[in-house]
1. Using only alpha carbon positions, build the gyration tensor of region 1-51, then give the equivalent ellipsoid semi-axes as the square roots of 5 times its eigenvalues, largest first, whole angstrom.
2. For Ser40, what accessible surface area do you get with a 1.4 Å probe? Give it in Å², rounded to 10.
3. Could you pull out which residues in region 53-97 have an amide N less than 17 Å from a spot 7 Å beyond the Cα of Lys29, following the Cα-Cβ vector?
4. Quick one: 3J(HN,Hα) in Hz for region 41-48, Karplus 6.51/-1.76/1.60 with θ = phi - 60°, rounded, Gly and Pro as x.
5. Relative to the first principal axis of the alpha-carbon coordinates of the chain, what is the inclination of helix 2-38, with its axis defined by its Cα atoms, in degrees from 0 to 90 and to the nearest 10?
6. Among the aspartates and glutamates, which fall within straight-line cross-link reach of Lys32, defined as a Cα-Cα distance under 17 Å, with same-chain neighbours fewer than 8 residues apart omitted?
7. Residues of region 10-76: accessible area per residue at 1.4 Å, in Å²?
8. For all pairs of alpha-carbon atoms in the chain, what percent lies in each bin of width 5 Å, listed from the first bin to the last filled one?
Amino acid sequence: MKKRWIIALAIIVITIFGLGVKFYMDEEKLNKEMMNVVYSDEAKNAFYKGLKDLDTKAFTEEGVIQSYEIDEKSINHNPMGGINVTVIINENPELYIKYTLDKFNGKLECGSASIAGKLSKLLGRWKENS
């Protein structure tokens, strides 16, 4: 009788361990796929277009936005679909845009965006009340 309990417990532990490994591997696969999408040429084009929409003179001497980089730690799956990613502007962590990358009509585009207050001020999109 004791031997059956030990075998049953061992099977349960092995099953739980196996499921844990499977979930971990699935999560790692999803993370790798998201990284591939975010660093793809299609995403670069989407970021470029999104930034040019915010600052028509972006990437020129007159523009506020001179460069951008992806905050790798910010990349995660959006529960509503797509990928959440933060883009840091001009190598300044206080100047950022949080985008949702998603496919629209088969094309990867920047969906919703949340712009940092300081960047919004620099772009002239937000003014403080005097």
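The values are calculated or read from the model by the stated rules, or taken from the named source; none is laboratory data. Just so we're clear, the structure is a prediction, and the values are computed from it rather than from any experiment. Every residue, glycine as well, gets a Cβ built from its backbone with ideal geometry; the counts of neighbours run over all protein chains shown. Each accessible area value is taken on the protein alone, full model and side chains, heavy atoms only, with ligands, DNA and RNA left out. Shrake-Rupley method; radii C 1.70, N 1.55, O 1.52, S 1.80 Å.
1. On the way: eigenvalues 448, 8, 3 Å².
Gyration-tensor ellipsoid for region 1-51: 47, 6, 4 Å.
2. The accessible area comes out at roughly 30 Å².
3. 77
4. Values, residue by residue: 5, 5, 5, 4, 5, 5, 5, 4 Hz.
5. Orientation of helix 2-38: about 20 degrees from the principal axis.
6. Asp41, Glu42, Asp71, Glu72, Asp102
7. Working: 4860 Å² over 67 residues.
Per residue, region 10-76 has 73 Å² of solvent-accessible surface.
8. 2, 9, 16, 17, 13, 10, 7, 5, 5, 4, 4, 3, 2, 1, 1, 0, 0
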